[in-house]
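Encoded as structure tokens, the structure appears first; notes follow it.
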Amino acid sequence: MNKTLNDIKELINNADCILIGAGSGLSTAAGIDYRGEEFKKEFAPFIKKYGFTDLYSSSFYNYPTQEEYWGAWAKHIYFANTGRNGTELYKKIFDLVKNKEYFVITTNVDDQFYKTGFDKDKIFRVQGSYALNQCSKGCHNRLYSNVELVNNMLDSIDDDLKVPTELVPICPVCGESMEPNLRKDGYFIQDDVWYKQNDKYEKFLDENKNKNVLLLEFGVGFNTPGIIRFPFEQMTSQNENWKLIRFNKEDMTFLELDDRFIGIKEDINKFFRV
């Protein structure tokens, strides 16, 4: 079914509320490309030293020292989150929904929703944030801003791509190493804010189950489909007043029920005229 931006605006205007689900494809479209030319330019020394092919796979590199680990991760965090302002694509999406009741669930850890006007109380970032650190062993339920630390690390990184030992963060409770708050193993910290936003998400779903809800799904693939993609399909199929619009130029397959499921394979930037 062919839809234009004006068609989408009309659907948004006619909806009682909006539920946004966002995956990595949205941030890639917004310019935060984990393997593109900007990555190759900014990470040239790291690519040469470690053989990185993209930023995602670099996350799993086994660095021999904490000084090297944080040399790479400081650059990674700054590139994808703390060194970026809000992007135009996210701002365009906010402009579409800012006057509606809405909620956002996202697996992205770059905090673009935070930076582009969305209400923080209406954002559930399920997988964490690059801008927060946690104990690598998850020994206590607290997260720490790493913005200033990352800036200091980037100012101090040496020719071997190491940070000074004194800048390596250590858990203040158990003395183990710290790491970014990203869901990658069983030690991922879900702090009080995480649970608060999870409760708000569940409340939003419950309170609006009988209303006309428009679900906007952006760039969600099959890396973690059980968080957004599959639930969005299931909720739409179970609620006759709900409509799902899936923006995805690669992974468009979804339940074929009726015209309440709308697929848009066009480049998100072109669609929103960014």
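Considering (1) under 17 Å from the mean Cα position of the chain (by Cα); (2) under 30 Å from I18 (Cα atoms), the lone condition that L143 does not fulfil carries the number (1). Residues in the range 107-134 that are under 17 Å from C17 (Cβ atoms) and not charged (D, E, K, R): F113, F118, I123, F124.
K211 meets the stated requirement of being surrounded by 12 or more Cβ atoms within 10 Å (Cβ to Cβ), at pLDDT 95 or above, of a type in the set (K, R) and more than 24 Å from H76 (Cα to Cα).
Annotation note: Cβ proximity below 8 Å between a residue of the range 141-164 that is without any contact (Cβ under 8 Å) to a residue 24 or more places away in the chain and a residue that is surrounded by 20 or more Cβ atoms within 10 Å (Cβ to Cβ) and of a type in the set (V, I, T) (sequence gap 6+ or interchain) occurs for S156/V163. Considering only residues in the range 160-181 that are under 15 Å from Y63 (Cα atoms) and either at pLDDT below 95 or β-branched (V, I, T) (or both), the one that is surrounded by the fewest Cβ atoms within 10 Å (Cβ to Cβ) turns out to be T165. Screening F43 with (1) farther than 28 Å from K122 by Cα; (2) free of Cβ contacts under 8 Å to residues at least 24 places away in the same chain gives one miss only, at (2). On the given criteria, is E233 among the charged types (D, E, K, R), touching a residue at least 12 places away in the same chain (Cβ under 8 Å), more than 18 Å from D7 (Cβ to Cβ) and outside any loop (DSSP other than H, G, I, E, B)? Answer is yes for this residue.
Among the residues making up the range 67-121, a single one is basic (K, R), closer than 30 Å to K162 by Cβ and in contact (Cβ under 8 Å) with a residue 60 or more places away in the chain: K75. Please verify whether the range 7-22 includes one or more residues that are over 30 Å from K203 (Cα atoms), modelled with pLDDT of 95 or more and part of a loop (DSSP other than H, G, I, E, B). Looking for residues that are over 30 Å from K203 (Cα atoms), modelled with pLDDT of 95 or more and part of a loop (DSSP other than H, G, I, E, B), one finds none in the range 7-22, hence no. Taking the criterion of being in contact with a strand residue (DSSP E or B) (Cβ under 6 Å, 6 or more places away or on another chain), within 23 Å of T28 (Cα to Cα) and not aliphatic (A, V, I, L, M), the residues of the range 185-233 that qualify are E217, F218, F232.
Determine if the range 149-164 includes at least one residue that is in contact with a strand residue (DSSP E or B) (Cβ under 9 Å, 6 or more places away or on another chain), farther than 15 Å from L26 by Cβ, of a type outside the set (A, V, I, L, M, F, W, C) and not in a helix (DSSP H, G or I).
First, pick out the residues of the range 149-164 that are in contact with a strand residue (DSSP E or B) (Cβ under 9 Å, 6 or more places away or on another chain): 149-150.
Next, from what is left, pick out any that are farther than 15 Å from L26 by Cβ: 149-150.
Applying the additional criterion that residues be of a type outside the set (A, V, I, L, M, F, W, C) yields none.
There is no residue in the range 149-164 that is in contact with a strand residue (DSSP E or B) (Cβ under 9 Å, 6 or more places away or on another chain), farther than 15 Å from L26 by Cβ, of a type outside the set (A, V, I, L, M, F, W, C) and not in a helix (DSSP H, G or I).
Could you tell me whether any residue of the range 51-61 is surrounded by 23 or more Cβ atoms within 10 Å (Cβ to Cβ) and at pLDDT 95 or above? Show your work before the answer.
Going through the range 51-61, the residues surrounded by 23 or more Cβ atoms within 10 Å (Cβ to Cβ) turn out to be none.
Among the residues of the range 51-61, not one is surrounded by 23 or more Cβ atoms within 10 Å (Cβ to Cβ) and at pLDDT 95 or above, which makes the answer no.
Of all residue pairs spaced 6 or more apart or on separate chains, those with beta-carbon atoms under 9 Å, a first member in the range 193-210 that is in contact (Cβ under 8 Å) with a residue 24 or more places away in the chain and a second member that is acidic (D, E) are Q197/D121; K200/D121; F204/E101; N208/D16; N208/E101.
The values are calculated or read from the model by the stated rules, or taken from the named source; none is laboratory data. A quick note: this is a predicted structure, and the numbers were derived from the prediction, not measured. Here Cβ is always computed from backbone atoms with ideal geometry, including for glycine, and neighbour counts include all displayed protein chains.
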